[in-house]
Structure formats: structure tokens, C-alpha cells
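A short reminder: the numbers here are calculations on the coordinates, not readings from a lab. What you see is a predicted model, and the numbers here were worked out from it, not measured in a lab. In this analysis, Cβ positions are derived from the backbone assuming ideal geometry, glycine residues included, and neighbour counts consider all displayed protein chains.
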Amino acid sequence: MSNSVTALNPSVARKLSATQLASGVAKISFGVLALAVLSQVRIPLPFTPVPVSLGTFAAIAVGVLLGRRYGSASALTFALLGSLGAPIFAGFTAGFTLTFGYVLGYIPAALLGGYAARAARNGSLLAALTWVLAASAVIYLPGLTWLWLASGKSLLATLSLGLAPFIVGDVLKAALVVAYLATVARRSH
């Protein structure tokens, strides 16, 4: 909308911004809900405090579906709500658990998921794949760091508990996202 129209009619600008605000809140709420629901789909592993969950998939997916701004805002809101006590993390947990670092990794993962979607819309599946793999990998930086510091385990033990068991599953989750993005790319061109 041009500045001359909004300057002459400030109520139009207020309505537009209220509509944009409502739309943004709805998108972020959807993203938080998707993260909370998919995080509950989990498989506890007896040898590690880190479960296999669809939370990592959800983090990338909200970035892909909502874009990098609303996707990362959804992941940030999810992390804040859970850290304040809302039982929305995997296993209906909350707070600063041993796996909270992975939740922090959801924020940049959603951002990178948004870049993957943009690359797919521009017809570059190789770039989209690269962004999705980067999104999957970036979750591990804060996740492993937090797990290492909070558990007091050695670095090698932390990698054995928090990385090695999840690589194959994360590659499969990334493949699902890329398959969706391939569909997006075909529809865009």
C-alpha cells in the first residue's frame, strides 16, 4: 500500500498492521503447536538421555512452511515457553533438561529451513538439500554443548550419547523435507 494512501487515511494503516500482527501471531502459534505435538512423537533410548523425536523434523519443517522469520520465531517461542515451565518438550517435559540445548538448536534450524524453501522455490534442489542438511546439523552444536556441560560426561561420551545414535534418523528426516521441497520446486516452475 502506498504511503500517500496511508498518510491520508491512518485507519487503513492501523487495520493493515493489526491484520499483519494477527497473521504473524497465528503463524507463530501454528509453529509452536507443530513443534509441541511432533516433539511428543519420540522413542526413548535406554543408553542415552536424548530420545529420538520428531522435534528436529518439526523445527526444520516450520522454517520450510512458515519461512525463516516466522519459523525461527516459532522455535524461539517454543524454547521460551518450555524454559518457563510449559510441558511442551519431548516427553511433556519443561525447563532446562539435559536436552534443552537441542531445543535451542531448533531456532537456527528453522531459520535455515526457511532458506531451504527459498532455494527450492528458486529451482535449486542442490542448494535446498544443502540448507536442510545444515539445518539438521546446526541442532547439534548447542545440543551437544549443553549435554556435555550439563551431564559432566567426557566429550567422547557426549558424542556417543548425543550424536552417533541419531545420524541415520536425521538423514532420513532431512530426506523427507527435501522430498517435500522437490514437490515445491516442481510446482514453482
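Please report Lys27, Lys153 as a ranked list, fewest other C-beta atoms within 10 angstrom at the top and most at the bottom.
Listing Lys27, Lys153 from fewest to most nearby Cβ atoms yields Lys153, Lys27.
The charge dipole of the chain, taken about its Cα centre with unit charges on the Cβ atoms of Lys, Arg (+1), Asp and Glu (-1) only, comes to about 520 debye. For Val52, the amide hydrogen comes within under 5 Å of the amide hydrogens of Ile43, Leu45, counting only partners 5 or more places away or on other chains and with H modelled in the peptide plane. Put in order of Cβ neighbour count within 10 Å, fewest first, the listed residues Tyr180, Tyr70 become Tyr180, Tyr70. Charged neighbours of Arg68, selected by a Cβ distance under 15 Å, balance to +4 (K, R count +1; D, E count -1). Do you know the relative contact order of segment 87-172, to the nearest whole percent, from alpha carbon pairs under 8 angstrom that are 6+ apart? Worked out over segment 87-172, it gives 32 percent. Which residue, chosen from Pro49, Ser154, Ala175, occupies the Cα position most advanced towards the positive end of the dipole of segment 3-188, where the dipole is computed from +1 (Lys, Arg) and -1 (Asp, Glu) charges on Cβ about the Cα centre? Farthest along the dipole direction, towards plus: Ala175.
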